[in-house]
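Please treat every number below as a calculation from the coordinates, not as lab data. Treat the numbers as computed from the prediction; the structure is a model and nothing was measured. Note: ideal-geometry Cβ built from the backbone for every residue, glycine included; neighbour counts use all protein chains shown.
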Amino acid sequence: MRDNFLPFSLPLIGNEEIEAVVEALRSGWLTSGPRMKQFETEFCQAVHAPSALALNSCTAGLHLALKVLNIGPGDEVITTPMTFAASVNVIEHTGATPVLVDVEPDTLNLQPDAVEQAITPQTRAIIAVHYAGHPAELIALRAIAEQYNLHLIEDAAHAIGAAFDGQPIGSGENLTAFSFYATKNLTTGEGGMLTGSSELLDRARVLGLHGMNREAWSRYAAGGKWAYDIVEPGFKYNMTDVQAAIGLAQLNRFDRMQARRHEIVQAYNKAFGSHSTFLIPTTRAHVTHAWHLYVLRLRPAELSINRNQFIDEMTARRIGTSVHFIPIHMHSYYRDKYNFHPDDFPVAHTAFQNMLSLPLSPSMSDQDVADVIDAVLDIRQKFARRRIAA
Ligand SMILES: *Cc1c(COP(=O)(O)O)cnc(C)c1O
């Protein structure tokens, strides 16, 4: 057994990031400035986005997306229960009503037919989450959005580096929010990026910085003017240059980090794919998976222990794991406000009961990967339900 604990997710931070931060600090420009602008430009190029706006979180990006589209009280927004609370909290913040629909059994992404069935005259938008880094069915969702005159917003917190039909996630004209939270595939500690048409992002840029009619940071540059106007009560959602410095260094090594994630996934799939105890993640033929998460699902009939006990066994073997996600409808706020029952979304609920996320990070060594595999297979061996021969 390992003698130290393997954390579920460790960011890969090296000298490049450290030096970039020191340089940013020495430059005297701490808040949004030239590094933030450069990060926007390079991120745009990386995901082929029409335009990009650097922010302090993905949550900020999702909130701004809804505000820019004038979504508010009386409106309904359709989304998935299989996501982090932020995707749905932002709908509540606008005063609109989140409408949850169940997910597809393999990818755990929004089920397009269920989305269509949930549409009412109040529906204004769909928030599609690219769960674990596997893109949602964008062609079908775009067709529904077009037919019913709805906005499609993408929560791409997991999907930096993902593509659908060869098109990078973030390359569309619609608003798409990325996360650079500490555990995400590319991190700035905290941070986010909103991509989409420059028309939509121009308003988001104003709304994301107090509602000022011109970018505050340029006021302090050489020749900057003191005057500004508040055109609406905005938010404080800007990214700092210190964060952007980390982001630029991470972007430089992003392809290598993704390649390492793919290697680890290959090793896991090879180790677990042949055992009927496990359901390994699927990748549909027309997508590039970003592999933010490796979600292993247990087949309860094959084991004498449940998921929670499986996680305890992993912890006892000094391997960190997590669960993505406790479905939205099971959190007390949503359960009580909308009177949800656990089996209202049976696919999401069943998946939740049997899932655990294994460590997946480019910072992992081959030994770390082997330790995770050994732990999983050892638990399987020990707790396999014995079959009685017929
Ligand atoms: C991490 C995450 C978010 C929030 O990202 P922040 O940058 O922390 O605001 C939103 N949606 C999903 C699906 C996430 O996993």
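Please name whichever of Ser9, Thr94, Gly33 sits farthest to the positive end of the charge dipole of the chain, dipole taken about the Cα centre and charges placed at Cβ: Lys and Arg +1, Asp and Glu -1.
Ser9
Under the Karplus relation 6.51 cos²θ - 1.76 cosθ + 1.60, θ = phi - 60°, what is the ordered set of whole-Hz ³J(HN,Hα) values for region 71-86, x standing for Gly and Pro?
After applying 6.51 cos²θ - 1.76 cosθ + 1.60, I find 8, x, x, x, 8, 10, 10, 8, 8, 9, x, 8, 7, 6, 3, 4 Hz.
Between the helical axis of 58-68 and the dominant principal axis of the chain, each derived from Cα atoms, what acute angle in degrees is found, rounded to the nearest 10?
50 degrees
Pull up the cross-link candidates among the lysines for Lys67, meaning alpha carbon to alpha carbon under 22 Å and not fewer than 8 places away within one chain.
Partners within reach: Lys236.
What is the diffusion coefficient of region 168-281 in µm²/s, taking the Kirkwood radius over Cα pairs and the Stokes-Einstein relation at 25 °C with a viscosity of 0.890 mPa s?
The diffusion coefficient I find is 142 µm²/s.
Once the Cα atoms of helix 138-147 and of the chain are each reduced to a long axis, what angle between those two axes, in degrees from 0 to 90 to the nearest 10, is obtained?
The two axes meet at around 50 degrees.
Return a whole-number percent for the relative contact order of the chain, with Cα pairs under 8 Å and 6 or more residues apart as the contact set.
Answer for the chain is 23 percent.
Can you list residues from other chains, or at least 5 along the same chain, whose modelled amide H is less than 5 Å from the amide H of Thr123?
Answer set, sorted by chain and number: Glu76.
So what's region 1-81 giving for Rg/Rh, alpha carbon basis, Kirkwood Rh from the mean inverse pair distance?
Reported Rg/Rh, Kirkwood definition of Rh: 1.11.
Any idea what % of Cα-Cα pairs in region 237-323 are farther than 17 Å?
65 percent
Distances over 29 Å make up what percent of all Cα-Cα pairs in region 17-173? Write out the running numbers ahead of the final one.
On the way: 2798 of 12246 pairs.
Across region 17-173, Cα pairs with separations above 29 Å total 23 percent.
Of the beta bridges DSSP finds with both residues in region 15-252, what % are antiparallel, to the nearest 5?
On the way: 14 of 28 bridges.
The antiparallel fraction comes to roughly 50 percent.
Pop out the Kirkwood hydrodynamic radius of the chain from its pairwise C-alpha distances, inverse of mean 1/r, in Å to one decimal. Mind dumping the intermediate values first?
On the way: mean 1/r = 0.0455 Å⁻¹.
One over the average 1/r among Cα pairs gives 22.0 Å for the chain.
For a distance above 16 Å, tell me the whole-number percent of Cα pairs in region 1-46 that qualify.
That fraction is 61 percent.
Any number yet on Rg/Rh for region 272-390, C-alpha, Kirkwood?
So for region 272-390, dividing Rg by the Kirkwood Rh gives 1.01.
Report, to the nearest 10°, how far helix 307-316 tilts away from the longest principal axis of the Cα atoms in the chain, using its own Cα long axis and a range of 0 to 90°.
Relative to the chain, helix 307-316 is tipped by roughly 90 degrees.
Looking at this model, which pairs from Lys184/Lys337; Lys337/Lys382; Lys37/Lys270; Lys37/Lys337; Lys184/Lys225 are more than 32 angstrom apart at the alpha-carbon?
Lys337/Lys382; Lys37/Lys270; Lys37/Lys337; Lys184/Lys225, as the Cα separations exceed 32 Å there.
In whole angstrom, note down how far apart the Cα centers of region 339-390 and region 235-313 are.
13 Å
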